[in-house]
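Colleague: Sharing a structure, written as structure tokens. Questions coming.
Each reported figure results from applying straightforward, stated rules to the coordinates on display, with no laboratory input. Note that the structure is predicted; figures quoted are calculated from it, not measured.
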Amino acid sequence: MSAFIYICLLLCFAAGVPIAFSLGAACVAAIASDPSMSMVWIAQRMFAGINSFPYLALPFFILAGNIMAEGGISKRLVRFFSTLMG
């Protein structure tokens with residue numbers, strides 16, 4: 001099974017397909033070729049993979065930084081700490 005995935009992946013790379021789409025195509029090909037895998041199991045594994053606190057914390061941390069930058073809070077914080085530290 002793993003040889004089939006690697007071959008699909010290498011064929012996609014040779015065809016000039018972007019890496020993300022190549023990985024997706026190789027996974028879809030592996031799932032389609034194995035009749036023992038059910039779509040329910042695949043959906044459960046995908047949800048379990050993204051159901052993690054650090055994965056949720058990263059986008060919200062970036063969002064908070066963007067909100068602070070647009071609101072001008074970050075400039076005031078940098079100015080405050082620069083006057084505090086010299």
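Colleague: Only one of the values (1) 0.93; (2) 1.31; (3) 0.98 was calculated from this structure for Rg/Rh (Cα atoms, Kirkwood Rh); name its label.
Modeller: (2)
Colleague: Under the rule of -39500 (n - 2.57) per DSSP H run of 4 or more residues, summed and divided by the residues of the chain, what mean residue ellipticity at 222 nm is obtained, to the nearest 500 deg cm²/dmol?
Modeller: Result for the chain: -27000 deg cm²/dmol, rounded to the nearest 500.
Colleague: Please build a GNM for the chain, connecting alpha carbons under 10 Å apart, and tell me which residue among 67, 42, 50 fluctuates the most.
Modeller: Its mean-square fluctuation being the largest, the pick is 67.
Colleague: Can you tell me how segment 1-51 classifies by the Cα gyration tensor, rounded, prolate or oblate, using a/c under 1.5 as the rounded cut?
Modeller: oblate
Colleague: So what J values fall out for segment 50-57 if you push phi through Karplus, 6.51 cos²θ - 1.76 cosθ + 1.60 with θ = phi - 60°, rounded to Hz, Gly and Pro as x?
Modeller: Residue by residue, segment 50-57 yields 9, 8, 9, 4, x, 5, 7, 5 Hz.
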